[in-house]
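Below is one structure, written out as structure tokens; comments come after it.
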Amino acid sequence: MSTEQRTLSCMSAEDNMTGGQSQGLVLQPAWDYLHQNHHGLLRSPLFPVVLSVTTYFLLVGLYTLLDLLAPTWPCINRYRLHPDGAVTWPNIWTTLGVTVYNHLLYIFPAAVAQWLWRPPTPLPCEAPTLWSFFLGVLGCTVVFDLQYYLWHRLHHRVPWLYRTFHAVHHQYNQPFSLVTQYLSGWELFSVGFWATVDPVLLRCHCLTTWGFMVFNIYISTEDHCGYDFPWAMHKLVPFGLWGGAPKHDAHHQRPNTNFAPFFSHWDWLGGTHTVPTPPATLPPGEPDETKGRRD
């Protein structure tokens, strides 16, 4: 079907919608624009990979710039969880090297395989409603959070799994943004698999799927960024339901606590929740695994 035929078909479908449905589709104008002007790009099996990789490197690039400016810019350094612990160039090159290696060895071949064997993504004419978009992103985040909590706890409880697959991520007890994907191949595959499959299981619209992918990368990077900004997710979500950077930083200080990547409820229920202790109150020379405070 040509682009013109697709456009006419979608216009006809919109004409057949009831007024109530049309009012619910707040995202329809943006979806129409993408549908009409970037149809080939959006249908490509490579698009989700390009979107995810681009989002990740843009975010870590921004955080890394802040890391380099923080030692001489007090207005930035005041928000660091560890103001006295500077991120050095060797830290950056080591974590970036592993990230690039993983992308070349795992992500790139998987993307090529998708491009060769996976059919183009079908694009519906109708956009998701704003409610279904946010509900879908939330649902995928909740499911992903449970999946990673179970995976994470298992890989800390079984010494062989920890040493073989997860220990590399804990080489830094004061995480910064590039530590987000400082992972073994197995861990990178696991999180990538869930992020891809969960929207399919929940039957999300493709626009919702891409929204979840971007949001998932954003909150994962924020978890590791090492900053406690006023707009951080854990300050926007009420009742302490969101862990955020401080609690994940506490996990790197006390590895047997705070296993859930985003929400706090699984750690509350599992007895693994811990509250981060301000760095200034920590006794000097105390081993990393004993830092923090259990509640």
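Checking the a/c ratio against 1.5 first, then a/b against b/c, what shape does the Cα gyration tensor give for the stretch 106-171?
Values: a/c = 4.04, a/b = 1.53, b/c = 2.64.
It comes out oblate by the Cα gyration axes.
At R0 = 41 Å, how high is the FRET efficiency between ARG78 and LEU201 if r is their beta carbon distance? Nearest 0.05 is fine.
Working: r = 42 Å, r/R0 = 1.03.
Efficiency computed from Cβ-Cβ geometry: 0.45.
Quick check: residue separation of LYS235 and ALA167 times 0.36 nm, minus the Cα distance between them. What number comes out in nm?
21.5 nm
Determine the distance separating the Cα centre of the stretch 32-57 from the Cα centre of the stretch 74-93; give it in Å without decimals.
The stretch 32-57 and the stretch 74-93 have Cα centres separated by 34 Å.
Using the Cα centre of the chain as the reference point, and only Cβ charges (+1 on K/R, -1 on D/E), how large is the resulting charge dipole? Debye, rounded to the nearest 20.
460
Out of residues 5 or more away from THR274 or on other chains, whose amide H comes under 5 Å of its own, with H placed 1.01 Å from N in the peptide plane?
Counting only residues 5 or more places away or on other chains, the set is ASN258.
Using Cα atoms only, what is the angle between the long axis of helix 3-15 and the major principal axis of the chain, expressed in degrees (0 to 90) to the nearest 10?
Rounded to the nearest ten degrees, it is 90.
Based on the alpha carbons, how large is the Rg to Rh ratio for the stretch 216-259 when Rh follows Kirkwood?
Details: Rg = 10.0 Å, Rh = 10.6 Å.
Using Cα coordinates only, the ratio equals 0.95.
By accessible area of protein heavy atoms, probe 1.4 Å, what ranking do THR277, THR164 get, highest first?
Order by accessible area, largest first: THR164, THR277.
With everything on Cα atoms, drop me the angle between helix 108-117 and the longest principal axis of the chain, reported from 0 to 90° to the nearest 10.
Helix 108-117 sits roughly 20 degrees off the main axis of the chain.
For ASN256 and LEU154, calculate 0.36 nm times their separation in residues minus their Cα-Cα distance, and state this gained length in nm to one decimal.
Details: separation 102, 0.36 × 102 = 36.72 nm, distance 1.06 nm.
Difference between extended and current length: 35.7 nm.
Just to confirm, what accessible area per residue do you get for the chain at 1.4 Å probe, in whole Å²?
On the way: 15370 Å² over 295 residues.
Ligands and nucleic acids excluded, the result is 52 Å² per residue.
Quick check: pseudo-label points 7 Å beyond the Cα along Cα→Cβ at LEU135 and HIS39, how many nm apart are they?
About 3.0 nm, to one decimal.
Note down the accessible area of HIS170, probe 1.4 Å, to the nearest 10 Å².
30
Express in nm, to one decimal, how much length is gained between TRP89 and VAL275 on full extension, taking 0.36 nm for each residue of separation and deducting their alpha carbon distance. Don't skip to the end; give the middle numbers.
Values: separation 186, 0.36 × 186 = 66.96 nm, distance 3.02 nm.
Result: 63.9 nm gained on full extension.
Which of the listed residues, TYR63, GLY139, TYR172, is farthest toward the dipole's positive end in the chain, when Lys, Arg count +1 and Asp, Glu count -1 at the beta-carbon?
Sorting the options by dipole projection puts first TYR172.
Once the other residues with Cβ under 11 Å from the Cβ of SER177 are scored (Lys, Arg +1; Asp, Glu -1), what is the net sum?
Numbers: positive: none; negative: ASP67, GLU222, ASP223.
That works out to -3.
Of the heavy-atom accessible surface of the chain (probe 1.4 angstrom), what whole percent is carbon and sulfur?
On the way: 10510 of 15370 Å².
The value for the chain is 68 percent carbon and sulfur by accessible area.
List the relative contact order of the chain as a percent without decimals, with contacts defined as Cα pairs under 8 Å and 6+ residues apart.
The normalised contact order for the chain reaches 20 percent.
The values are calculated or read from the model by the stated rules, or taken from the named source; none is laboratory data. Since this is a predicted model, take the numbers as computed values, not measurements. All Cβ positions, glycine included, derive from the backbone under ideal geometry; neighbour counts span all protein chains shown. Surface accessibility is based on the protein's heavy atoms, side chains included, excluding ligands, DNA and RNA. Shrake-Rupley method; radii C 1.70, N 1.55, O 1.52, S 1.80 Å.
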